[in-house]
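Following: one structure in structure tokens, then a few remarks.
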Amino acid sequence: GGPYDNEYVYTVSTDWASAGKTGAEWLVSQLGDNKEVVVLEGVAGVPLNDTSMPAVTEVLEAGGATIVAEGANGWNEADAQQTMAQILQSHPDVGGVYSFLTGGQGVPAAFADANLDFVPVVGGSGYNGEACTLVDNAEAGLTGNMVFGHPAIYAKGLEQAVLLLQGEDIEQEQYFPPAEITTENAEEFCQPDMPDNFQLGYDFPGLDITLEEYLEFAKQ
């Protein structure tokens with residue numbers, strides 16, 4: 001679920017070290033003349049958050065962005081929306097928003113409620129609401145990149161644990177790139193008949209689990 005440093009531990013994990021940079025690099029590439037950005041971290045004190053955010057700041061500033069306001073999304077879309085709404089009261093003219101692992105639904109909602117034009121947004125909860133928000137607001141100009149870890153990586157971890165218990169040699173550290181939901185592929189992820197908190201990322205390279213198989217299993 002996050003960084004863990006121990007010489008006896010086998011790790012199967014999202015490459016969280018690059019997850020923060022991936023979204024930040026995308027945001028820099030999307031900024032126009034207005035390079036003022038807002039940054040929302042997840043939950044301070046959690047290793048996953050604290051080890052990723054310094055790289056986010058570094059990439060944004062190296063790309064010419066100026067961080068004009070910071071807050072936290074609490075890894076909750078409602079909190080992301082509330083925090084963003086408060087920031088927009090004093091910074092309504094920002095050029096982009098980086099929100100770590102949540103916010104792809106809440107941040108655009110704050111802009112819509114304030115009757116402000118959308119700006120490029122980085123989020124990444126991996127929930128259906130983010131993907132469908134991109135689809136529903138594409139014609140209104142919303143662009144985004146939702147960077148998240150496949151939940152199915154836990155199945156990958158179980159697969160590797162079974163192999164290890166069976167005496168197989170496996171790599172001790174296995175890191176996989178995060179998934180990305182963008183304006184270009186959001187329709188492939190959005191499930192219109194599912195609730196906002198339906199978790200995406202059920203498939204995983206090498207496991208070949210389809211959505212239909214997952215849903216059938218969930219009924220049992």
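Some points to look at:
- Quarter the surface of the alpha carbon convex hull of the stretch 84-179 and you get the mean projected area, 7.5 square nanometres.
- Pairwise FRET efficiency - N197 versus E168, Cβ, R0 = 41 Å, nearest 0.05: 0.65
- Sulfur and carbon atoms: percent of accessible area, the stretch 11-219 [1.4 Å]: 48 percent
- Proximal lysines to K219, defined as alpha-carbon separation beneath 27 angstrom and excluding residues fewer than eight positions away on the same chain: K156
- Percent of beta bridges antiparallel (DSSP, the chain, rounded to nearest 5): 20 percent
- Separation between Cα centres of the stretch 53-101 and the stretch 102-127, rounded to whole Å: 11 Å
- Equivalent ellipsoid semi-axes, the stretch 11-219, via Cα gyration tensor eigenvalues times 5, rooted, Å: 31, 20, 14
- The helix-based estimate of mean residue ellipticity at 222 nm for the chain, built from -39,500 (n - 2.57) per DSSP H run of four or more residues and divided by its residue count, is -12000 deg cm²/dmol to the nearest 500.
- Qualifying lysines (Cα of each under 18 Å from Cα of K35; at least 8 residues distant if same chain): K21
- 1.4 Å probe accessible area per residue over the chain, in Å²: 52 Å²
- When restricted to Cα atoms, the stretch 1-68 yields an Rg and a Dmax of 14.1, 50 Å, respectively.
The values are calculated or read from the model by the stated rules, or taken from the named source; none is laboratory data. Note that the structure is a prediction, hence the values are computed from the model and not measured. Cβ coordinates were reconstructed from backbone atoms using ideal geometry, including for glycine residues, and neighbour counts include every protein chain displayed. When the accessible area is computed, the model is the full protein with side chains, heavy atoms only, and any ligands, DNA or RNA have been set aside. Shrake-Rupley method; radii C 1.70, N 1.55, O 1.52, S 1.80 Å.
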